[in-house]
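Here the structure comes first, spelled out in structure tokens, and everything after it is commentary.
The values are calculated or read from the model by the stated rules, or taken from the named source; none is laboratory data. Model, not experiment: these values are computed from the prediction. In this analysis, Cβ positions are derived from the backbone assuming ideal geometry, glycine residues included, and neighbour counts consider all displayed protein chains. What goes into the accessible areas is simple: the full protein's heavy atoms, side chains included, and nothing from ligands, DNA or RNA. Shrake-Rupley method; radii C 1.70, N 1.55, O 1.52, S 1.80 Å.
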Amino acid sequence: MDSQKYCFKENENVTVGKACFLISNVTAGPSVNLQQEALQRIISTLANKNDEIQNFVDTLNHTLKGVQENSSNILSELDEEFDSLYSILDEVKESMINCIKQEQARKSQELQSQISQCNNALENSEELLEFATRSLDIKEPEEFSKAARQIKDRVTMASAFRLSLKPKVSDNMTHLMVDFSQERQMLQTLKFLPVPKAPEIDPVECLVADNSVTVAWRMLEEDNKIDHFILEHRKTNFDGLPRVKDERCWEIIDNIKGTEYTLSGLKFDSKYMNFRVRACNKAVAGEYSDPVTLETKALNFNLDNSSSHLNLKVEDTCVEWDPTGGKGQESKMKGKENKGSYKFLKIVYLLSKEFLIHFEAVPSDIFLFIYMTFTFYLLP
């Protein structure tokens with residue numbers, strides 16, 4: 001917050017945001033300036049705290065909206081799953097009903113055929129019985145003998161005596177009954193799918209280098225049901241969670257089989273990158289890990305005294321030429337030949353330092369040039 005000057009009268013109420021202060025007994029002189037500075041610090045602290053709380057409120061509202069939307073989506077998916085289950089049950093029920101009806105039709109046809117045959121045999125038998133009864137009244141012996149032979153032949157050929165008086169089918173339909181006890185028990189044990197636990201991103205194992213980011217994570221509890229991971233990332237200029245209104249859309253990388261992923265081909269036009277990851281099994285995705293913010297740091301280097309030229313005195317980023325530091329005449333001659341090396345090294349170092357100041361990351365070709373130059377002048 002920019003520093004500003006405030007003038008207050010004695011016993012005047014001063015309102016900052018939602019906080020109200022009563023300034024009293026303000027005396028003239030140096031103590032007034034001290035009180036003004038203290039009040040400015042209070043105002044800055046309150047403003048920062050108000051901004052932090054407002055950011056948190058925005059995050060809570062965003063989370064609340066997400067809970068409502070996700071709950072609605074889950075309810076819709078649950079309705080679809082049960083509708084699908086109902087549809088399958090209806091199909092199975094229809095198939096079983098058809099089987100029962102077909103069995104009923106087959107048995108009914110068999111029984112109807114037997115009933116028809118029995119009715120025909122019964123009709124013929126009754127007619128023969130009536131003829132036999134009338135034959136008993138015949139007085140003439142020859143007529144009676146003739147009628148008796150006819151009755152005997154007709155009885156021998158009568159269908160009533162060739163019928164099987166046993167039903168071809170039974171009325172038992174128990175072979176088409178279904179025991180749903182096991183299925184009912186399974187349905188009663190329906191429950192929500194086990195959701196994979198949220199992974200944890202390990203910042204120590206993460207690496208930001210060469211326009212690429214390697215993100216590593218681990219599962220806090222072993223889960224052999226995990227099929228793959230989903231990594232999401234976005235660029236941000238905030239060290240930590242940004243405001244909801246300033247958030248960028250997450251970019252998704254799906255179907256990661258391992259516990260680390262290298263995101264390459266990046267151009268760091270922002271100071272930070274947010275990452276989060278979640279585990280997935282065959283059916284459901286788990287909760288996201290806590291977002292991790294990785295800083296796209298600029299390239300830094302130090303000069304190494306152990307591998308430098310014998311005539312160079314190296315301390316961190318400072319290089320001095322010491323013509324007496326060599327061994328033998330050869331080192332002294334080489335020191336005379338390279339007496340301008342220190343000046344050139346200083347120029348190269350200053351140029352590289354300017355690159356580090358003005359660029360977050362040194363382009364590979366410039367870094368290669370600096371590296372080759374230092375190698376040429378620093379090696380014995």
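A compact table of results
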| quantity | calculated |
| --- | --- |
| In segment 194-224, the residues that are surrounded by 14 or more Cβ atoms within 10 Å (Cβ to Cβ), assigned to a loop (DSSP other than H, G, I, E, B) and aliphatic (A, V, I, L, M) | Val195, Ala198, Met219 |
| Which listed residue, of Ala105, Ala121, Ala147, is at pLDDT below 85 and open to solvent by less than 70 Å² (accessible area, probe 1.4 Å) | Ala147 |
| Neighbours by Cβ (under 8 Å, 6+ apart or cross-chain): first from segment 175-188, part of a helix (DSSP H, G or I); second open to solvent by less than 90 Å² (accessible area, probe 1.4 Å) and charged (D, E, K, R) | Leu176/Glu103 |
| Pair list, Cβ < 7 Å and 6+ apart or interchain, from segment 210-228 residues that are closer than 12 Å to Arg278 by Cβ to residues that are β-branched (Val, Ile, Thr) and open to solvent by less than 30 Å² (accessible area, probe 1.4 Å) | Trp217/Ile201; Trp217/Val277; His228/Ile256 |
| So Phe131, is it farther than 27 Å from Leu165 by Cβ and assigned to a helix (DSSP H, G or I) | no |
| Sole residue being open to solvent by 90 Å² or more (accessible area, probe 1.4 Å), under 30 Å from Ser159 (Cβ atoms) and either assigned to a helix (DSSP H, G or I) or modelled with pLDDT under 90 (or both), chosen from Gln112, Gln68 | Gln112 |
| Condition met for Ala28 (farther than 30 Å from Arg184 by Cα, among the small types (Gly, Ala, Ser) and at pLDDT below 50) | yes |
| Filter result for Ile138 (open to solvent by less than 100 Å² (accessible area, probe 1.4 Å), out of contact with any strand residue (DSSP E or B) (no Cβ under 7 Å at 6 or more places or on another chain), β-branched (Val, Ile, Thr) and not in a helix (DSSP H, G or I)) | yes |
| Unmet requirement for Leu163, which otherwise passes all of (1) surrounded by 10 or more Cβ atoms within 10 Å (Cβ to Cβ); (2) at pLDDT 85 or above | (2) |
| Answer residue from segment 286-301, given it is of a type outside the set (S, T, N, Q) and at pLDDT 85 or above and is least open to solvent (accessible area, probe 1.4 Å) among those | Gly286 |
